[in-house]
Amino acid sequence: MHFDERDEGEYRIYSGALESRLGDGFIAAVVVQQVRGIRREAYRDESLACGHRWERAEDALSYALGKGREVVRTEQHRRAG
């Protein structure tokens, strides 16, 4: 398992690359939490891209982080509107 976390404005993105049960790559996972104001989980997906398996953990982490940033942008836009 490989994990990373990043702060993006009012949110924290937890990204992960989990070894596939079949041992043939890594599955991307992400959790986005609002950390300022009322703390809440904004998004969670433990099997991104329908469980697609990446050959390298770094690629799965990168995909998960990108998805997390997309969620943050959507949340910020929704809250601003």
Note on Gly68: of the conditions (1) in contact (Cβ under 8 Å) with a residue 40 or more places away in the chain; (2) assigned to a strand (DSSP E or B), unmet is (2)
Scanning the stretch 63-81 for residues that are surrounded by fewer than 16 Cβ atoms within 10 Å (Cβ to Cβ) and under 21 Å from Gly16 (Cα atoms), the one nearest to the chain's Cα centre (by Cα) turns out to be Gly66
(Q) Criterion first (at negative phi and in contact with a Gly (Cβ under 9 Å, 6 or more places away or on another chain)) does Glu10 satisfy it? (A) yes
Review point. Based on what the data block shows, is Arg53 in contact (Cβ under 8 Å) with a residue 24 or more places away in the chain, surrounded by 15 or more Cβ atoms within 10 Å (Cβ to Cβ), of a type outside the set (Val, Ile, Thr) and out of contact with any Leu (no Cβ under 6 Å at 6 or more places or on another chain)?
Key: yes
Subset of the stretch 4-40, residues more than 10 Å from the chain's Cα centre (by Cα), farther than 15 Å from Arg73 by Cα and assigned to a strand (DSSP E or B), comes to Leu18, Glu19, Phe26, Ile27, Arg40
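Read-outs: derived from the displayed coordinates by stated rules, not from any lab. Just so it is clear, the structure is predicted and the values come from calculations on it, not from any experiment. Positions of Cβ are backbone-derived with ideal geometry, glycine not excepted, and every protein chain shown enters the neighbour counts.
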